[in-house]
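Novice: Have a look at this one before I ask anything.
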Amino acid sequence: MPKSTMLYFLVLCIGVSLITAQSLIFIKFIDVCLIKSLTEIGASDRRCPKANQEWSGCGSACPSRCGQGEPRFCTMQCIIGCRCKPGFMLRNDGECVRLEDC
């Protein structure tokens with residue numbers, strides 16, 4: 001799909017969200033629609049710069065970090081971008097390492 005078409009869908013999603021802001025069903029639709037549009041717009045940028053990372057179209061807002069247990073509270077939102085691969089944790093310097101290397 002050309003980027004101009006994807007951008008059109010993104011604008012369409014935003015327009016619909018303004019019109020139907022009272023409806024939870026439509027709000028959920030907008031969330032999914034925006035995530036899909038933004039993910040596809042960035043499709044050519046899906047290479048992650050650091051070792052042990054992978055692209056995620058909908059990753060956690062609270063990634064596992066060295067020295068911290070699982071977060072007790074975390075927002076239920078999708079974060080688009082690079083994240084640590086399974087079995088790796090985020091170190092303070094931004095590198096993804098195995099738990100034993102934290």
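FYI, it's all coordinate maths here, none of it is from the lab. Since the model is a prediction, treat every value here as computed from it, not as a measurement. Using ideal geometry, Cβ is built from the backbone for each residue, glycine included, and neighbour counts are taken over all protein chains shown.
Novice: Quote to one decimal, in nm, the extra length available between ARG98 and GLN68 on full extension: 0.36 nm per residue of separation minus the C-alpha distance between them.
Specialist: Once the chain is fully extended between ARG98 and GLN68, it gains 9.4 nm.
Novice: Given +1 on the Cβ of Lys and Arg, -1 on the Cβ of Asp and Glu, and no further charges, what dipole in debye does the stretch 46-102 carry about its Cα centre, rounded to the nearest 20?
Specialist: 200
Novice: Still on this structure, please answer the following. Just to check I understand the Karplus step: with θ = phi - 60° and J = 6.51 cos²θ - 1.76 cosθ + 1.60, what whole-Hz values come out for the stretch 60-66, glycine and proline as x?
Specialist: 6, 7, 10, x, 5, 10, 4
Novice: Filter the trypsin sites (Lys or Arg not before Pro) in the stretch 50-102 down to the DSSP loop ones having no more than 16 other Cβ atoms within 10 Å, then list what survives.
Specialist: LYS50, ARG72, ARG91
Novice: What share of Cα pairs, in percent, lie more than 17 angstrom apart in the stretch 46-102?
Specialist: 36
Novice: While we're looking at this one, here's another question. Give me CYS66, CYS58 ranked fewest to most by other Cβ atoms within 10 Å of their Cβ, as a rough exposure proxy.
Specialist: Ranking CYS66, CYS58 by Cβ neighbours within 10 Å, fewest first, gives CYS58, CYS66.
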